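Below is one structure, written out as structure tokens, with a few remarks after it.
The values are calculated or read from the model by the stated rules, or taken from the named source; none is laboratory data. Since the structure is predicted, the reported quantities are computational estimates derived from the model, not experimental observations. Neighbour counts run over all protein chains shown; Cβ positions are idealised from the backbone, glycine included.
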Amino acid sequence: MTGISRALAVATDLGHRFLTWWLDELTALIPGFLKFRQSGNGSTLFVDLERGEVVIRSPGDGGVPTELGRFPLDAVPEAAKGLNDALKRLTSSSRAVAMRLPRREVLRRTINLPFAARKNLRDVLAFEVERIMPFAADDLYFDFRVLECDATSRTLRVDIAAAERRRIDAARGLAESWGLEVARIGLNTETVEEPILFDLLNGARPAGRPRGPSRTTVLLSLLATVLAGASLYLPLSDKRAAADALSGRVEESRARADAAEALRSRVEHIVAAGSFVVDRKLATPSATEILHEVTRILPDEVWLSQLGIEGGEIRMSGYSPAASGLLEPIEHSDLFGSARFRSPVTRDAQSGLERFEIVAEIVERSSPP
């Protein structure tokens, strides 16, 4: 029994050591940005760039930021030593940090986009960034977050943040010179609830450096080969049939979506055309309004023998004791403009009144009532 117990103890110890080594090797293969998300904000340092200084902060108890050190940007050795000391105080052994930029170095815009843009939102925003930002798209790194999806108006409200490429590259280079791995570069919100917004490294992830296969890589490759061999026993035909059926449903849904989008565009066109006609009708004064305005502005001693409306003009013929004074009240009317005599004023021998013929333009309203 003693020999069996000793063998079991040795086997257990070897198994524990192998498991510990294997987990450590797998952790080393996790990208920096995943390490940051896995560990959370509680054990990750914030490296803040503030007016020529590097400020090292830890979330601390309750998420309240705790300043661990402050160094000038040009003091690289001192800053590196301070960062190393700060990392030693954390429970995590990861050297992944989150670098936060001040608000003045991050450009932000909020835009509305059609609901259909959600399928390839980053590609759509890549075109919008150059239009709404004062820099060329090639000179920027950007990230975004969707603030609202309005199903009624079928629109998306998107918050975009962008920073100059040279600033992001400089910040990463500075951190790498201190021996750190930048897991995220974002906006310093200066709040406890959400201490960092966006991840500008989404558009700046460097490709991995080629290197020779390590022991871990060889073991993982062997494991992958074993798993690939085991997968040959699975019912691949059923999976392929399910994939084909799903592909057919996706194509059918895409065709329906395209048809719905075309119908929506057609409806919008019809509505816009109808609105134009209605707005045009509402902008033009009615015959009743014109007759009421003529009655209001002409003196009581004036009487009309003829009134006509044609081609956006009003024509009035009649008799007045002083026809020359009729143009002024017509010009001051909100409905008429450019009043003029169509023919010379003559005096009627029988009544002794002046005979006139006046033409004026009918003014459209700037906004329908």
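General remarks:
- Leading residue by the ranking (farthest from Gly186 (Cα to Cα)) among those in region 106-140 that are at pLDDT 85 or above and over 14 Å from the mean Cα position of the chain (by Cα): Asp139
- Residue count for region 349-369, restricted to those that are in a strand (DSSP E or B) and out of contact with any Lys or Arg (no Cβ under 6 Å at 6 or more places or on another chain): 6
- Any helices (runs of 4 or more DSSP H) falling wholly within region 236-348 and containing at least 2 residues that are under 26 Å from Val359 (Cα atoms), under 52 Å from the mean Cα position of the chain (by Cα) and in contact (Cβ under 8 Å) with a residue 24 or more places away in the chain: 236-283, 287-297
- Only listed residue being closer than 30 Å to Val54 by Cα and either modelled with pLDDT of 80 or more or not acidic (Asp, Glu) (or both), chosen from Arg254, Arg166: Arg166
- Members of region 314-339 found to be within 20 Å of Ala283 (Cα to Cα) and either of a type in the set (Ser, Thr, Tyr) or exposed (fewer than 12 other Cβ atoms within 10 Å of the Cβ) (or both), listed by number: His332, Ser333, Asp334, Ser338
- Pairs with Cβ under 8 Å, 6+ apart, first in region 145-171 and over 10 Å from Asn112 (Cβ atoms), second outside any strand (DSSP E or B) and among the acidic types (Asp, Glu): Ile160/Glu128; Ala163/Glu105; Glu164/Glu105; Glu164/Asp139; Arg165/Asp138; Arg165/Asp139; Arg166/Asp139; Arg167/Glu105
- Residues (surrounded by 10 or more Cβ atoms within 10 Å (Cβ to Cβ) and among the acidic types (Asp, Glu)) located in region 298-313: Glu301, Glu313
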